[in-house]
1. For the chain, what does the equivalent ellipsoid look like in terms of its semi-axes, each the square root of 5 times an eigenvalue of the Cα gyration tensor, given largest first in whole Å?
2. In terms of Cα to Cα distance under 18 Å, which aspartates and glutamates are near enough to K24, apart from those fewer than 8 places away along the same chain?
3. Starting from the 7 Å offset along Cα-to-Cβ, what nm value, one decimal, do you get for the label separation of I32 and Q60?
4. Might you report the magnitude of the Cβ-based charge dipole of the chain about its Cα centre, with Lys and Arg at +1 and Asp and Glu at -1, to the nearest 20 debye?
Amino acid sequence: MLCWNCNEPASGVCAFCGRAVCKKHAAEMPAIVTIYIGDKQVPKAIVVSGALHCGNCHPQSHPIEMPEIY
Ligand SMILES: [Zn+2]
Ligand SMILES: [Zn+2]
């Protein structure tokens, strides 16, 4: 697989959108692995820091409601 940005051989895949990126174009960003309802009904997120990010996509900080897919 080749880097989305420069067509050099890719070193990894963006954790958010799946684009392949080389070391030069890879960035790091915390990624939310899962969200659950913890004590006192407070939502908690398990976050992995340093996840691979391609620099092209834009992970949203909040979930988006999609009632129309029902
Ligand atoms: Zn590249
Ligand atoms: Zn991406």
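1. Square roots of five times the eigenvalues give 30, 15, 8 Å.
2. Result set, ordered by chain and number: E8.
3. Placing both labels 7 Å along Cα→Cβ, they lie 1.1 nm apart.
4. Details: 5 positive and 5 negative charges, 44 e Å.
About 200 debye.
Values in this text are rule-based calculations from the coordinates and carry no lab data. Just so we're clear, the structure is a prediction, and the values are computed from it rather than from any experiment. Here Cβ is always computed from backbone atoms with ideal geometry, including for glycine, and neighbour counts include all displayed protein chains.
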